[in-house]
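One structure below.
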Amino acid sequence: MGVFVFLPLVLPLSAWPVARLAETRLHPRTATRLLTAVAVVMAVCSTLCLALLMVVGTAQLPGNPLPDGWSDPEVRAAVPHDEVAGRAAIPALAVVAAACARTLWRHRRVTRRARRALAGVPGPTVAVLPDGTPYAYALPGGRGRIVVSTALLAGLAPAERRALFAHERAHLAARHHRHLLAAHLAARANPFLRPLRTAVVYTAERWADEEAARAVGDRRTVARAIGKAALLGAHPVPGGTLLRALR
């Protein structure tokens with residue numbers, strides 16, 4: 001077996017070409033689902049590989065409660081430098097667990113804060129905030145809610161506003177926040193999967209654009225709405241952090 005034991009740890013290096021092919025060759029809906037699944041599978045495999053390295057590399061230590069079979073010389077011989085790899089896997093697993101836990105905690109905290117902040121704002125599905133900073137985002141949970149500032153609405157024509165709302169509704173309907181959270185957790189578990197996380201963000205936006213174009217019936221209107229929103233929000237805004245955390 002030899003060095004092939006470490007294959008699940010380095011296989012995510014193929015994430016960049018996989019991401020590029022999916023972005024350019026597949027429909028955004030298919031690409032988002034495929035890339036998310038690939039990221040999750042690779043992250044789970046690399047984490048299990050670390051766990052197995054830890055088990056095999058530390059099974060022979062005195063007082064270890066693991067079965068005697070794990071300390072068999074033939075088993076350890078299949079893992080190059082088993083003692084070093086096993087001990088190195090312990091802090092690696094701790095870092096993975098801490099990073100994933102922190103991501104989940106931050107996601108829940110930001111979502112709860114946003115819901116509490118919008119509790120008194122009228123509108124069951126759309127919340128318009130009087131704010132001079134242009135932004136819009138989809139807040140998941142229940143039926144979901146679209147949050148948009150008056151500054152952004154003022155910069156768009158009526159047809160472009162419909163395209164904007166259709167875009168955000170697409171995020172909620174397809175539950176894109178779940179795809180993005182899964183891809184983010186996968187990248188936390190294995191940094192080599194970061195290209196897949198970036199690709200999922202991109203394809204999810206394209207998926208929402210396609211759904212908005214289908215709902216509005218005019219791709220040019222959607223393109224103008226996206227372009228104007230990008231120009232209006234070209235500089236960093238407070239809502240941007242919330243948007244990235246929720247999507």
Can you tell me how many residues within segment 114-153 are more than 18 Å from A174 (Cβ to Cβ), among the charged types (D, E, K, R) and either surrounded by 17 or more Cβ atoms within 10 Å (Cβ to Cβ) or within 27 Å of the chain's Cα centre (by Cα) (or both)? 2
Counting only residues that are without any contact (Cβ under 8 Å) to a residue 40 or more places away in the chain and in contact with a strand residue (DSSP E or B) (Cβ under 9 Å, 6 or more places away or on another chain), segment 102-116 contains a total of 1
For segment 196-210, give me each residue that is touching a Pro at 6+ places or on another chain (Cβ under 9 Å) and open to solvent by 10 Å² or more (accessible area, probe 1.4 Å). Y202, E205, R206, W207, D209, E210
What is the one condition in (1) outside any helix (DSSP H, G or I); (2) in contact (Cβ under 8 Å) with a residue 40 or more places away in the chain; (3) under 27 Å from the mean Cα position of the chain (by Cα) that L156 does not satisfy? (3)
Take the residues in segment 170-195 that are assigned to a helix (DSSP H, G or I), among the small types (G, A, S) and within 21 Å of P140 (Cβ to Cβ), then tell me which one is most open to solvent (accessible area, probe 1.4 Å). A173
Whether any residue in segment 86-93 is over 27 Å from V222 (Cα atoms), open to solvent by less than 20 Å² (accessible area, probe 1.4 Å) and without any contact (Cβ under 8 Å) to a residue 60 or more places away in the chain is what I want to check. yes
Every pair of residues 6+ apart whose Cβ atoms lie under 8 Å, when the first sits in segment 184-203 and is of a type in the set (S, T, Y) while the second is part of a helix (DSSP H, G or I) and open to solvent by 10 Å² or more (accessible area, probe 1.4 Å): Y202/E23; T203/E23
What about T221, is it hydroxyl-bearing (S, T, Y), assigned to a helix (DSSP H, G or I) and at pLDDT 90 or above? yes
Working only within segment 157-169, note down all residues that are over 11 Å from V222 (Cβ atoms) and open to solvent by 10 Å² or more (accessible area, probe 1.4 Å). A157, P158, R161, F165, R169
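The values are calculated or read from the model by the stated rules, or taken from the named source; none is laboratory data. Please read these numbers as outputs of a predicted model, since none were measured by experiment. Because the Cβ atoms are built from the backbone with ideal geometry, glycine has one as well, and the counts that use them run over all protein chains shown. When the accessible area is computed, the model is the full protein with side chains, heavy atoms only, and any ligands, DNA or RNA have been set aside. Shrake-Rupley method; radii C 1.70, N 1.55, O 1.52, S 1.80 Å.
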